[in-house]
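See structure below.
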Amino acid sequence: MNILSGLSQWYFSIVFAYVLVYLANSVQSPLPWSQCGQEWNSIHCIPPGSSAQDYGRNANSSKMLLNASANWMNSSSTGNMSSSASREFWLRYVLQLSPGLEDMGGLVWYTSLALFISFVLTFVCIIKSIRSVGKVVYVTALLPYILLTVLMIKGLTLTGAVEGITFYVYPNFNKLLLTSTWIEASIQVFYSLGPAYGGLITMASYNKFNNNCLRDSVILCFVCEGTSVFAGFTIFSILGHMAYNLNTTVSSFAQSGPGLAFVVYPEAISYLPLPQLWAVLFFLMCLTICIDSQFTLAETVLTTLQDVWPKFVTKWSIAIKCLYGVLIFLAALPFASRGGMYLFQLMDWYFAAFSVLVNAILECIIIGWIYGKSWAVSRRPTFYVWQKTTIHF
């Protein structure tokens, strides 16, 4: 669990950096992802609110600058060569995506700076202790629902939203016969709930001894997966509108990979009144969520170190936390390169997706059958057992 938490923090930190890049650009007027004609845009760029039919007639005579590395977009353009402004901002400005994993390219300086700031924010929170950060969660837990509701209401009023929602809710029962469907569903559930990372166990250790864990577990499952379903309506209403504008299908966007949220939500924000205000609020919300996630992953690793070497870690607590942060930051720098997204996708599958599923299955087998459910529920294990379990998991 601890190794998995450390590896997840290593690669997930780049998402935190992307959020900071978007937050820094949210104060610009107009929003940089809401227009074409900028140095990173291609001649195939379609601004929000325009359709491929209307905008494409002038594409050949457009005076928009075509970046010399236009081949970055070859694999991301739709069949009619149209590309939304928000998508080009993500691929050509934020990522500066290289042609492939074999060409990692250099570091993107503003992403690297954002990565450094993300670690500073995370470890300032860790040094301030878990109890002070826990008070902020009351705000950060409610803000996403408010913003998601606003974006969903606006998304449902856009042309093409019905097609997007229909694609989202219309079942394809043939997919149930595919093994990949069940693997992806299992990975999503384990990834969103996080039962095999150790973070839930670490955070639960701060509860009262007689806390109702069964109640909390049931609430967590319904709230977490319910939020995913609720957010899906927001995303697919905007996807339907984007597909309508680009004269393509929703399915072409639904398979766009980990950057989907950095394309769809900014696109939705650009349609709102006072988009700069909503952009700042939205990415501040994402910032707090990233801090919560990073904090939990780091706290899991650091708590284990303290359990193994209590006197040493307590004495040098701040120094160890800072050293851990520096090491993770240096290890995460390759993700801030032009080819970092390819590396991110590899880590996301092998470390945080498939590994967490295997780890959860092993945890159930060891506790349920090897250790035995009767032993687990009928008596409290000795401190020695808890200590060894913490160390090895």
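Bear in mind that the values in this text are calculations on the coordinates, not laboratory data. Computed from a prediction, not measured in an experiment: that's the story for all the values here.
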Exercise for the section: In whole Hz, with x marking every Gly and Pro, tabulate ³J(HN,Hα) for the stretch 337-349 from phi via Karplus 6.51 cos²θ - 1.76 cosθ + 1.60, θ = phi - 60°. Expected result: 7, 5, x, x, 5, 5, 5, 4, 5, 5, 5, 4, 7
Completion exercise
Non-local residues with an amide H under 5 Å from the amide H of I46, with H modelled 1.01 Å from N and Pro and chain starts lacking one, are S83, S84, A85
Exercise for the section: Work out, step by step, the length gained on full extension between L214 and Y170: first 0.36 nm times the residue separation, then minus their alpha carbon distance; give nm to one decimal. Expected result: 12.5 nm
Exercise for the section: Multiply the residue separation of Q28 and W109 by 0.36 nm, subtract the distance between their alpha-carbon atoms, and state the gained length in nm to one decimal. Expected result: 27.2 nm
Handout entry: For S337, residues with placed amide H under 5 Å, excluding near neighbours
Key = V108
Handout entry: Potential extension, L177-S192 segment - 0.36 nm per residue separation minus Cα distance
Key = 3.0 nm
